[in-house]
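Engineer: Just passing along the structure, written as structure tokens.
The values are calculated or read from the model by the stated rules, or taken from the named source; none is laboratory data. The shown structure was predicted, so the numbers you read here are calculated from the model rather than taken from an experiment. Every residue, glycine as well, gets a Cβ built from its backbone with ideal geometry; the counts of neighbours run over all protein chains shown.
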Amino acid sequence: MLLAKAAITGTASAEMQVLSQRLAASGVAQTTRFAFSEQGSPSLREVLRTLADDGFEDVLLLPLLLPMEPGFRVWIARSVERWRATEPQRPWPAVRIAPSPAETDAMDALLRELIEAARDAQVPPEMRQSVPQGSVVPPQKRRVLVCQGGPCNDAGAALIWGHLRNEQKRLNLRTGGDGVMSCKTTCLGPCNLAPVLQVFPEGTYYGGVDEAGVDRIIARHLCRGEVAEELAYLPLASRQVLR
Ligand code: FES
């Protein structure tokens, strides 16, 4: 499975589709798929589910990530374990992760080829544009901050971010109701409650959030304005641990 980080546009998905087809044509794998570890469709979880349902027992992830963060392997492994635990009836395949492209000998040849290909490249006209474009100030009333600090990343925050963004798009949350914007942030403070997100304007902290937790926060807090208490942590003076 070719694994990229995110696809904001259909063009990026189409590019992954082409790469996947090229890999299939090489005949090195019984089947090939592609997925996105954060934002974009299909998600890693969706594709693993499909492969499990099709009876595949062994999946090799080829991460197309440069650079590949040290915690990447850890949170992929933890996330797969969590999915196994939440859907024990499904025979999830064993997942191995190939080295980063940067660690392979082929990278030298690729870099050389890229330089050769770029030698006669022209500056695109849009990059010469110097007229100020202006911006619309967004009217959305709600903000969701998704922590991407170290402990939250190790706990799978990237997947939480991707799931939130995919659902935000699917449910049209950006322009529906009060309007919801979301953004990544550095450490929000309560690292031991990772992964953490915070919903404004109330400033409610949520900890130990997984994809199902995101769904609950969307359904209750973002759509109905009610705090999802079972995942929320109040700003008390004493230390709190994950429930
Ligand atoms: S790293 Fe997420 S709260 Fe600190």
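Engineer: Out of region 53-84, which residues are touching a residue at least 60 places away in the same chain (Cβ under 8 Å) and not in a loop (DSSP other than H, G, I, E, B)? Lay out the reasoning, then the answer.
Structural biologist: Let us first name the residues in region 53-84 that are touching a residue at least 60 places away in the same chain (Cβ under 8 Å), namely 61-65, 69, 71, 74-75, 78-79, 82.
If the condition is that a residue be touching a residue at least 60 places away in the same chain (Cβ under 8 Å) and not in a loop (DSSP other than H, G, I, E, B), then LEU61, LEU62, PRO63, VAL74, TRP75, ARG78, SER79, ARG82 are the ones that fit.
Engineer: Looking at (1) within 16 Å of the ligand (Cβ to nearest atom); (2) part of a helix (DSSP H, G or I), find the lone condition where LEU242 falls short.
Structural biologist: (2)
Engineer: Please specify each residue of region 1-39 satisfying the condition of being touching a residue at least 60 places away in the same chain (Cβ under 8 Å) and more than 16 Å from THR50 (Cα to Cα). Don't jump to the end; show me each part of the working.
Structural biologist: First, pick out the residues of region 1-39 that are touching a residue at least 60 places away in the same chain (Cβ under 8 Å): 1-6, 36-39.
Listed by number, the residues that qualify are ALA4, LYS5, ALA6, GLU38, GLN39.
Engineer: Shifting gears a bit: Report the residue count in region 144-202 for those that are more than 15 Å from the ligand (Cβ to nearest atom), of a type outside the set (D, E, K, R) and over 15 Å from the mean Cα position of the chain (by Cα).
Structural biologist: Total meeting the criteria: 11.
Engineer: Related question: Have a look at THR31, THR11 and point out the one that is assigned by TED's automatic domain parsing to the domain that holds ALA98 and in a helix (DSSP H, G or I).
Structural biologist: Working: THR31 fails: in a helix (DSSP H, G or I).
It is THR11.
Engineer: Next question. Consider region 216-242. How many of its residues are of a type in the set (Gly, Ala, Ser) and under 24 Å from the mean Cα position of the chain (by Cα)? Before you say what the answer is, go through the steps one by one.
Structural biologist: From region 216-242, those of a type in the set (Gly, Ala, Ser) are 219, 225, 228, 232, 237-238; that's our starting set.
Add one more test, that the residue is under 24 Å from the mean Cα position of the chain (by Cα), and what stays is 219, 228, 232.
Summing the residues that are of a type in the set (Gly, Ala, Ser) and under 24 Å from the mean Cα position of the chain (by Cα) in region 216-242 gives 3.
Engineer: Assigned by TED's automatic domain parsing to the domain that holds GLU229 and in a loop (DSSP other than H, G, I, E, B): which single residue out of GLY162, GLY176 fits that description? Give the derivation first.
Structural biologist: Details: GLY162 fails: in a loop (DSSP other than H, G, I, E, B).
Just a single option satisfies the conditions, and that option is GLY176.
Engineer: What pairs come out if I take residues in region 187-208 that are farther than 17 Å from GLU230 by Cα and not assigned by TED's automatic domain parsing to the domain that holds ARG82 and pair them with residues that are more than 9 Å from the ligand (Cβ to nearest atom) and assigned to a loop (DSSP other than H, G, I, E, B) whose C-beta lies under 9 Å away, six or more apart or interchain?
Structural biologist: Going by the 9 Å Cβ cut-off, the qualifying pairs are PHE200/LYS141; PRO201/LYS141.
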